[in-house]
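The next block holds one structure in the form of structure tokens; read it before the comments.
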Amino acid sequence: MNKDPRHIALNVLLFWHKASNTLDNALKSYDRDIFSLPLKDKKLCNALIFGVLRQRESIDWIIDEYSNTAIEKISIDLLYILRIALFQIIYMDRVPVFASINTSVDIAKKLAGKKKAGFINAVLRKASTDYTNLALPDAKKNPSKFIAIKYSLPLWLSRKWIRSFGFNETKQLCHQINTIPAITVRTNTLKTDRQTLFSKLSLKVKTIEKTGLVPEGINFSSPDAAIDELEEFKQGLFQVQDEAAQMITHILGPEPHEKILDACAGFGGKTGHIAQIMQNSGVIVAADTENRKLESLNMDMHKLGIDIVETKTINILKSSIKDFDFYFDRVLIDAPCTGLGVLRRNPDTKWKRSKNDIARLGAKQKKMLNGAANLVKPGGILVYAVCSCEKEENEDVIDTFLKKRKDFSIDKDFKSDRFKQFNTRKGYLKTYPHINNMDGFFAARLKRKP
């Protein structure tokens, strides 16, 4: 087992780079290695992984300037060695430049031999002494390229956001995305209350505050242990969940004794929240296509003290009321999406998404929403939500649905003064990282005719 945090970070990034791997899977695959590190090295390892993924485009631009080999011809392992080293040199003041270069050269020597290590050494020494002299692309002549390099964004997404939000707002959005967010958790009110949890966590973190909009949320930074090592987490006193995601469950508005379907439950963040608000009384069916997620969900529900959740492995696209014993009072469809609203927390997403994904997922979301709608009882509530700010996954999905499904309409009777600042003219909810300091989410609350 290699105890060097830089080498572990390299292994995680190389594992993630394979097309089918998510960052969560990559981190899980090297969980033992990371767990074995002292807290200081553990933080360095995570900082390198997430930092490289946040700043990849900017770093690659610098590599391209100082490498005699075109960047697309540099082997993947050497490229990530360069990326990790340059992230330390450019963005981490506490790591001496010579230490970053020497460690990277040593790793390259072990992986690829002396000749390749010499290449790493030459690029890093040139770049480290001269990168501050590089001039960014002209913002007026080529605004998309400027945004892509300055804020490390894929060029296709830079172009799209400038068309959608304008140049200045895109700059603000990108700046916020590259800012490391606080950890946000949701108090498990079945076991404790927010003030009690706040008091306990305040002894173990650097900064802490209560969320301003949802009544269960707490933000904090720099815990003295990994989240899953905190005793409060082990006891099921909280789940990690962004404030915007917590808002979605309040928009759903579950009540005790109801029958509720969480149609794309995943690992169960919103499932647990629904159960809390229902006071663990009623029935929740948590559905998903992946057994492993539902198995994890079941374990979490047990830890949270929740026993009203039934899991069902099913694809909502292929389901009908015949797959269930009843219609539901409320259905939540937190649909699979591009995840471009949560890049602050998942910077890897921007490198594995394409322009085609937005259109592809938008088409799938329309079908999923229609399938979920068929399971809502007359007079019942349907909430559609995605962690994306893209119109194709937001308004376009709902507008298309409402044109076809005359038995549904925006629930205009639902009033929430707490969230009114997020309501659009059409009655949808939208949050943005740069405006609201939370993840980018979209939600629509619909009501079926009685």
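The values are calculated or read from the model by the stated rules, or taken from the named source; none is laboratory data. From a predicted model like this one, the values you see are computed outputs, not experimental measurements. We place every Cβ from the backbone using ideal geometry, glycine too, and count neighbours over all the protein chains shown.
Listing for the model above:
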read-out	value
Candidates Asn394, Asn370, Asn423, filtered to the one that is within 26 Å of Arg344 (Cβ to Cβ) and modelled with pLDDT of 95 or more	Asn394
Single residue of region 280-301 satisfying the filter (among the hydrophobic types (A, V, I, L, M, F, W, C) and touching an Asp or Glu at 6+ places or on another chain (Cβ under 6 Å)) that is surrounded by the most Cβ atoms within 10 Å (Cβ to Cβ)	Ala286
Residues of region 382-438 classified as over 23 Å from Leu261 (Cα atoms) and touching a Ser or Thr at 6+ places or on another chain (Cβ under 6 Å), total	2
Residue tally, condition out of contact with any helix residue (DSSP H, G or I) (no Cβ under 6 Å at 6 or more places or on another chain) and assigned to a helix (DSSP H, G or I), over region 108-124	7
Residue within region 167-175 that is closer than 25 Å to Ile59 by Cα and loosely packed, with under 13 Cβ neighbours inside 10 Å present	yes
Residue pairs meeting the criteria (Cβ under 6 Å; at least 6 apart or on separate chains; first closer than 21 Å to Thr249 by Cα, in region 187-200; second part of a helix (DSSP H, G or I) and not basic (Lys, Arg))	Thr187/Leu197; Asn188/Leu304; Thr189/Gln276; Leu190/Gln276
Among (1) touching a Gly at 6+ places or on another chain (Cβ under 9 Å); (2) farther than 25 Å from Pro433 by Cα; (3) of a type outside the set (Asp, Glu) - the single one Gln246 does not satisfy	(2)
Qualifying positions in region 168-227 - among the small types (Gly, Ala, Ser) and closer than 17 Å to Asn437 by Cα	Ala182, Gly212, Gly217, Ser221
Helices (runs of 4 or more DSSP H) wholly inside region 2-80 that include at least 2 residues being in contact (Cβ under 8 Å) with a residue 60 or more places away in the chain and over 23 Å from Thr129 (Cβ atoms)	5-17, 39-54
Among residues of region 405-418, those that are modelled with pLDDT under 80 and either in a loop (DSSP other than H, G, I, E, B) or closer than 18 Å to Ile381 by Cα (or both), counted	2
Region 89-104, subset closer than 21 Å to Arg56 by Cβ and of a type in the set (A, V, I, L, M, F, W, C), residue surrounded by the most Cβ atoms within 10 Å (Cβ to Cβ)	Ile89
When residues of region 180-226 are limited to those that are polar (S, T, N, Q) and in a loop (DSSP other than H, G, I, E, B), the one surrounded by the fewest Cβ atoms within 10 Å (Cβ to Cβ)	Ser222
Lone qualifier among Ala127, Ala148, Ala112 - being aliphatic (A, V, I, L, M), under 22 Å from Arg83 (Cβ atoms), buried (at least 16 other Cβ atoms within 10 Å of the Cβ) and at pLDDT below 95	Ala112
Residue in region 382-404 that is part of a loop (DSSP other than H, G, I, E, B), surrounded by 19 or more Cβ atoms within 10 Å (Cβ to Cβ) and of a type in the set (Ser, Thr, Tyr) present	yes
Residue within region 395-413 that is under 19 Å from Gly339 (Cα atoms), among the acidic types (Asp, Glu) and in contact with a Cys (Cβ under 7 Å, 6 or more places away or on another chain) present	no
The one condition in (1) in a loop (DSSP other than H, G, I, E, B); (2) of a type outside the set (Val, Ile, Thr); (3) farther than 30 Å from Asn168 by Cβ that Ala139 fails to fulfil	(3)
Restricting region 227-279 to residues that are among the aromatic types (Phe, Trp, Tyr) and either surrounded by fewer than 24 Cβ atoms within 10 Å (Cβ to Cβ) or in contact with a His (Cβ under 9 Å, 6 or more places away or on another chain) (or both), the residue that is nearest to Thr187 (Cα to Cα)	Phe233
